[in-house]
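Beneath this line is the structure, given in structure tokens, with notes to follow.
The values are calculated or read from the model by the stated rules, or taken from the named source; none is laboratory data. Computed from a prediction, not measured in an experiment: that's the story for all the values here. Note that we place each Cβ from the backbone using ideal geometry, even for glycine, and neighbour counts take in every protein chain shown. For the accessible areas, the whole protein counts, side chains as well, though only heavy atoms, and no ligand, DNA or RNA atoms are used. Shrake-Rupley method; radii C 1.70, N 1.55, O 1.52, S 1.80 Å.
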Amino acid sequence: MEQTMAALKQTLSEHAERVEEALKQYGREADEELQVLFDSQAYSLLGGGKRIRPFLVNEFCRVLGGEERVSMPFACALEMIHTYSLIHDDLPCMDDDDLRRGKPTNHKEFGYATALLAGDALLTKAFLTAVQNPYADDRMRAEAVRLIAEAAGECGMIGGQIIDLKGETEVLSLETLERLHRMKTGALIECAARLGCLAAGFFPDSEPSHQAAAYAKGIGLAFQVVDDLLDVCGDSETLGKPIGADISHNKTTFLTYFDQEGAKQYARERTAEALTAISAWEGSGILSDLAVYLTERTN
């Protein structure tokens, strides 16, 4: 198992480097009047990370026989959405965090207004990136934009954030908490899986796309449970951000309903559901290893 996880981490690291290089291609030429905006966007977009969402896009595409050159622009677009959400989440009006990946958060480095606009700009750039994918046809590009808009919008990530804010002032039911995370975190993860299928030629009404979505729903909930655990018992230096943020904001988390062992068991059950969804797929070993890794991660 240790060798398997080591190989997966190496695969993730090599893939993250490819994503980083691809993202750099979407930078803009120097412009004195706009440079602070460009710098603010790049600060967060090129700030490292595991690049799990882009990995899912590209890996699902690979497993289904597609080419990474087709899926990578969609992967980059989704990473722009994810990055914009992190910039906004860290703002004083939201989670009010000072550190992200071991560095000052965007608003600490560039100021509130610039950070806000950098997030807005990345959100907009994401759709431009998807719709200009030079290796996809018109139907595929249009469907990619629809998937991203649906996952990032009012009934996806943004809606989940609204429920999350509600959870700072009242205790959410377990059912509502699960809905929150299916939307706030899970929607982009499911979108990543579906985009990968799409890039390989399998549209959302296809069986592979449905199976990919089921896998993504499982790992999305498991991922959030581990996040809740790490916020209580993780190491701030390893995480690159302070721990205890959920407690300080009085948030409802999975540890509101489970003790630590119960939460781990819940995550294992969701992971098992994810593995079952793709168990018949040939060449899906890396996706299976990833599901296990996300449950056992320490950062």
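With the condition being of a type in the set (Val, Ile, Thr) and open to solvent by less than 60 Å² (accessible area, probe 1.4 Å), I'd like the helices (runs of 4 or more DSSP H) fully within region 1-119 carrying at least 1 qualifying residues.
Numbers: elements: 2-24, 35-45, 52-63, 68-89, 106-110.
Passing ranges, in order: 2-24, 52-63, 68-89.
Considering (1) more than 21 Å from the chain's Cα centre (by Cα); (2) among the small types (Gly, Ala, Ser); (3) within 25 Å of GLY285 (Cβ to Cβ), say which one ALA30 fails and leave the rest.
In the conditions (1) more than 21 Å from the chain's Cα centre (by Cα); (2) among the small types (Gly, Ala, Ser); (3) within 25 Å of GLY285 (Cβ to Cβ), ALA30 misses (3) alone.
What about ALA214, is it in contact (Cβ under 8 Å) with a residue 40 or more places away in the chain and open to solvent by less than 10 Å² (accessible area, probe 1.4 Å)? Write out each step before concluding.
On the way: in contact (Cβ under 8 Å) with a residue 40 or more places away in the chain: yes; open to solvent by less than 10 Å² (accessible area, probe 1.4 Å): no.
Answer is no for this residue.
Out of curiosity, is ARG194 open to solvent by 30 Å² or more (accessible area, probe 1.4 Å), within 20 Å of MET94 (Cβ to Cβ) and in contact with a helix residue (DSSP H, G or I) (Cβ under 8 Å, 6 or more places away or on another chain)?
On the way: open to solvent by 30 Å² or more (accessible area, probe 1.4 Å): yes; within 20 Å of MET94 (Cβ to Cβ): no; in contact with a helix residue (DSSP H, G or I) (Cβ under 8 Å, 6 or more places away or on another chain): yes.
No.
Is it true that some residue in region 251-259 is at pLDDT 90 or above, within 22 Å of SER288 (Cα to Cα) and surrounded by 15 or more Cβ atoms within 10 Å (Cβ to Cβ)?
Scanning region 251-259, I find no residue that is at pLDDT 90 or above, within 22 Å of SER288 (Cα to Cα) and surrounded by 15 or more Cβ atoms within 10 Å (Cβ to Cβ), so the answer is no.
I need the full set of residues from region 189-215 which are within 19 Å of MET140 (Cβ to Cβ) and among the aliphatic types (A, V, I, L, M), in order please.
Step one: list which residues in region 189-215 are within 19 Å of MET140 (Cβ to Cβ), which gives 190-210, 212-213.
ALA192, ALA193, LEU195, LEU198, ALA199, ALA200, ALA212, ALA213, listed by residue number.
Mind telling me which of the residues THR124, THR185 ends up being open to solvent by 50 Å² or more (accessible area, probe 1.4 Å) and β-branched (Val, Ile, Thr)? Walk me through it before giving the result.
Details: THR185 fails: open to solvent by 50 Å² or more (accessible area, probe 1.4 Å).
Unique residue meeting the criteria: THR124.
Testing GLY201 on (1) assigned to a helix (DSSP H, G or I); (2) open to solvent by 40 Å² or more (accessible area, probe 1.4 Å), one condition comes back false. Which one is that?
Only one criterion is unmet by GLY201, namely (1).
Restricting to region 135-169, give me the number of residues that are in a helix (DSSP H, G or I), of a type in the set (S, T, N, Q) and surrounded by fewer than 16 Cβ atoms within 10 Å (Cβ to Cβ).
So the first thing to find is which residues in region 135-169 are in a helix (DSSP H, G or I), and the list is 138-152, 157-166.
Keeping just the survivors that are of a type in the set (S, T, N, Q) gives 161.
If we keep only those that are surrounded by fewer than 16 Cβ atoms within 10 Å (Cβ to Cβ) as well, we get none.
Summing the residues that are in a helix (DSSP H, G or I), of a type in the set (S, T, N, Q) and surrounded by fewer than 16 Cβ atoms within 10 Å (Cβ to Cβ) in region 135-169 gives 0.
Looking only at residues that are among the hydroxyl-bearing types (Ser, Thr, Tyr), part of a loop (DSSP other than H, G, I, E, B) and within 17 Å of MET5 (Cα to Cα) in region 273-299, which one is modelled with the highest pLDDT?
So in region 273-299, the residues among the hydroxyl-bearing types (Ser, Thr, Tyr) come out as 276, 279, 284, 288, 293, 295, 298.
Next cut, part of a loop (DSSP other than H, G, I, E, B) only: 279, 284, 298.
Now restrict to residues that are within 17 Å of MET5 (Cα to Cα): 284, 298.
Numbers: SER284: 96, THR298: 80.
Here the residue is SER284.
Can you tell me how many residues within region 5-28 are in contact with a Gly (Cβ under 9 Å, 6 or more places away or on another chain) and more than 11 Å from PHE55 (Cβ to Cβ)?
Result for region 5-28: 1.
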